[in-house]
Amino acid sequence: MPATGAWQPDVLGADYQQLTIPLGPDPDGQGDVVATLVRYTPAQAPTATKAVLYVHGFTDYFFQEHLAEHLAAQGYAFYALDLRKCGRSTRKGQTPHFVSDLALYDAELNRSLKIIREETGLPLLIMAHSTGGLVTSLWLNRLNGTGGTRAQGITGLMLNSPWFDLQGPSYYRSVGTAVLEGLGRLRAFARLPLGEASTYGDSLHRSVSGEWDYNLDWKPLTGFPVHAGWLRAIRRGHLRLHQGLDIGAPSLILRSKVTKFMRKYGPAADVSDVVLDVQQIQRWSGCLGERTNIVPIEGARHDVFLSSEQPRTAAFKELDSWLEWLATAPEAGA
C-alpha cells in the first residue's frame, strides 16, 4: 500500500514536510490506521552523508526541532515517525497509542525504512525515546533475524531513556503482570486505575514550568490513559528483551543519572527522571546483543534532549562523540 500522495507541509513550519502512510484496517478494530513520516529539509543544511529515523515514546510525538537541526548540521538527513494513533497519526474514534502487540508497529517502521532508503540511499541511524526504545529494539531484532540490519543499511541505534522494564514495586513485575496477562487479553481496552500526575508535563511545557512548546492534545500534561491490552503488549515486549536480543548494530543509551518519582512538580523534576527507573535501564541495556555504550547524564530529565541547557549540552556532546566513533567503526561499513 503506497504512501498517500506527495509530501505535504507540516505543523512545524516551512522546513518540515509530512507524508501519510496508510496501514489499512486496524487489527485492534478501530477503523483504518495511518502513520506519519516527517522530514526536515532546510535550505541551508550541509549535504547529507547519512540518514536518521527518530521514533517517539508514549504520550509523545515528534516536535523536537532542535534535535533535527543538530543532526542536520552533523550531515544527517533527518526523518521522524509518528506511529499509528499517535500525534499526527491520531484519527477520530481511536484510542491514543493503543496497540495489542508491539510487532504491529513493524508495518510503519518497515515502510519508513523503505521510503528513506529510496529517497536517500544513505546509511541509516535509528533513534528512539522511552517506549520507542523498546519498540525499535524489538523491531531491529526481528529485522536482524530476516536478512540482517546491516543489509538494510542500518548502522546503529541511539536510545534516549528506553523503557526496558516496569517501574514500581516488585509485585508489579510478578503478580501484577500475571493478572495483566489475563485482563489484557479479555478486556483489552479497560483503563487501568493508575491515577493522573502532571509532574513530567509540568516540568516540560512552557505553560507551566518548562521551556518547551508542543501540542497538548497530542502530548497532554497528565499523559494518556493506560489500557490493559496495551500494557500487556509492553510487558510481553519487556519479557522478550530480557531473554536477550540481537539487534545487529552497536547502540548508545543515554539516561538520567537518578530517578525521582514525584506526584507533584518540584525542582527535583527538572534534574531527574520522574518517569522511569534509570537502574532498570542500566540493568537491561546489555540485552541488546551488540556493542552497547551506556552514559548517565547528570541533571537530565526523562527525555535527555528536553533537559535544561547544561545536561542537554552534555547529552549532545555524548551523542556527537559516539556518532564520530560510529562513522569509523568497522561495523559501519559492513
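The values are calculated or read from the model by the stated rules, or taken from the named source; none is laboratory data. Everything numeric in this text was worked out from a predicted model, so none of it was measured. Cβ: placed from backbone, ideal geometry, glycine included. Neighbour counts: every protein chain shown. Note: accessible area is taken over every heavy atom of the protein model, side chains too, but ligands, DNA and RNA are not part of it. Shrake-Rupley method; radii C 1.70, N 1.55, O 1.52, S 1.80 Å.
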Exercise. Can you work out which of the residues in region 178-209 that are in contact (Cβ under 8 Å) with a residue 40 or more places away in the chain, closer than 19 Å to ARG301 by Cβ and of a type in the set (Gly, Ala, Ser) is surrounded by the fewest Cβ atoms within 10 Å (Cβ to Cβ)?
Key: SER209
Exercise. Could you tell me which numbered condition ARG84 fails, if it satisfies all but one of (1) among the charged types (D, E, K, R); (2) touching a residue at least 60 places away in the same chain (Cβ under 8 Å); (3) open to solvent by 50 Å² or more (accessible area, probe 1.4 Å)?
Key: (3)
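Please determine whether any residue of region 106-116 is open to solvent by 20 Å² or more (accessible area, probe 1.4 Å), in a loop (DSSP other than H, G, I, E, B) and at pLDDT 95 or above.
The first filter runs over region 106-116 and keeps only residues open to solvent by 20 Å² or more (accessible area, probe 1.4 Å), leaving 106-107, 110-111, 114-115.
Subsequent filtering for residues that are in a loop (DSSP other than H, G, I, E, B) retains none.
No, region 106-116 contains no residue that is open to solvent by 20 Å² or more (accessible area, probe 1.4 Å), in a loop (DSSP other than H, G, I, E, B) and at pLDDT 95 or above.
Any chance you could count how many residues in region 316-334 are more than 16 Å from THR149 (Cα to Cα) and modelled with pLDDT under 95? Give the derivation first.
Within region 316-334, the first condition is being more than 16 Å from THR149 (Cα to Cα), and the residues that meet it are 316-325, 327-328.
With the extra rule that they be modelled with pLDDT under 95, the set shrinks to 327-328.
Of the residues in that region, 2 qualify.
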Quiz item: What number of residues in region 211-223 are buried (at least 19 other Cβ atoms within 10 Å of the Cβ) and touching a residue at least 24 places away in the same chain (Cβ under 8 Å)?
Solution: 4
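Go through region 241-277 and give me each residue that's in a loop (DSSP other than H, G, I, E, B), over 22 Å from SER203 (Cβ atoms) and either in contact with a Cys (Cβ under 8 Å, 6 or more places away or on another chain) or open to solvent by 10 Å² or more (accessible area, probe 1.4 Å) (or both).
Taking region 241-277 as the starting set, the residues that turn out to be in a loop (DSSP other than H, G, I, E, B) are 243-250, 257-258, 260-266, 271-272, 274-277.
Subsequent filtering for residues that are over 22 Å from SER203 (Cβ atoms) retains 243-250.
Correct list: GLN243, GLY244, LEU245, ASP246.
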Quiz item: Which ones in region 291-333 are of a type in the set (Asp, Glu) and touching a residue at least 12 places away in the same chain (Cβ under 8 Å)?
Solution: GLU298, ASP303, GLU318, ASP320, GLU331
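Residue-wise test of (1) closer than 19 Å to TRP139 by Cα; (2) in contact with a strand residue (DSSP E or B) (Cβ under 7 Å, 6 or more places away or on another chain); (3) open to solvent by 30 Å² or more (accessible area, probe 1.4 Å).
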{"residue": "ALA14", "(1), (2), (3)": "no, no, yes"}
{"residue": "THR20", "(1), (2), (3)": "no, yes, yes"}
{"residue": "TYR40", "(1), (2), (3)": "no, yes, yes"}
{"residue": "PRO46", "(1), (2), (3)": "no, no, yes"}
{"residue": "HIS56", "(1), (2), (3)": "yes, yes, no"}
{"residue": "THR59", "(1), (2), (3)": "no, no, no"}
{"residue": "GLN64", "(1), (2), (3)": "no, no, no"}
Practice problem: Report whether or not PHE164 is outside any helix (DSSP H, G or I), aromatic (Phe, Trp, Tyr) and open to solvent by 20 Å² or more (accessible area, probe 1.4 Å). | Solution: no
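Here are LYS85, LYS92: which of them is touching a Phe, Trp or Tyr at 6+ places or on another chain (Cβ under 9 Å), basic (Lys, Arg) and assigned to a loop (DSSP other than H, G, I, E, B)?
Details: LYS92 fails: touching a Phe, Trp or Tyr at 6+ places or on another chain (Cβ under 9 Å).
None of the others qualify; the one that does is LYS85.
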Quiz item: Being within 14 Å of THR59 (Cβ to Cβ) and among the aliphatic types (A, V, I, L, M), is that true of even one residue in region 228-239?
Solution: yes
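Regarding region 55-70, can at least one residue be identified that is under 14 Å from the mean Cα position of the chain (by Cα), assigned to a loop (DSSP other than H, G, I, E, B), under 17 Å from LEU12 (Cα atoms) and without any contact (Cβ under 8 Å) to a residue 60 or more places away in the chain? Explain how you work it out, then say what you get.
Here is the first cut: in region 55-70, the ones under 14 Å from the mean Cα position of the chain (by Cα) are 55-64, 67.
Now drop any that are not assigned to a loop (DSSP other than H, G, I, E, B), which leaves 56-64.
Subset that is under 17 Å from LEU12 (Cα atoms): 56, 60-64.
Then keep just the ones that are without any contact (Cβ under 8 Å) to a residue 60 or more places away in the chain; that gives 62.
Looking for residues that are under 14 Å from the mean Cα position of the chain (by Cα), assigned to a loop (DSSP other than H, G, I, E, B), under 17 Å from LEU12 (Cα atoms) and without any contact (Cβ under 8 Å) to a residue 60 or more places away in the chain, one finds at least one in region 55-70, hence yes.
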Self-check item: Given (1) under 23 Å from LEU125 (Cα atoms); (2) in contact with a helix residue (DSSP H, G or I) (Cβ under 8 Å, 6 or more places away or on another chain); (3) open to solvent by less than 40 Å² (accessible area, probe 1.4 Å), number of the condition ALA68 does not satisfy
Solution: (2)
Quiz prompt | Answer from THR131, THR120, THR149 - the residue that is within 15 Å of the chain's Cα centre (by Cα) and either touching a residue at least 24 places away in the same chain (Cβ under 8 Å) or buried (at least 21 other Cβ atoms within 10 Å of the Cβ) (or both) | solution = THR131
Quiz prompt | Number of the exception - LEU138 against (1) surrounded by fewer than 18 Cβ atoms within 10 Å (Cβ to Cβ); (2) over 25 Å from ALA48 (Cα atoms) | solution = (1)
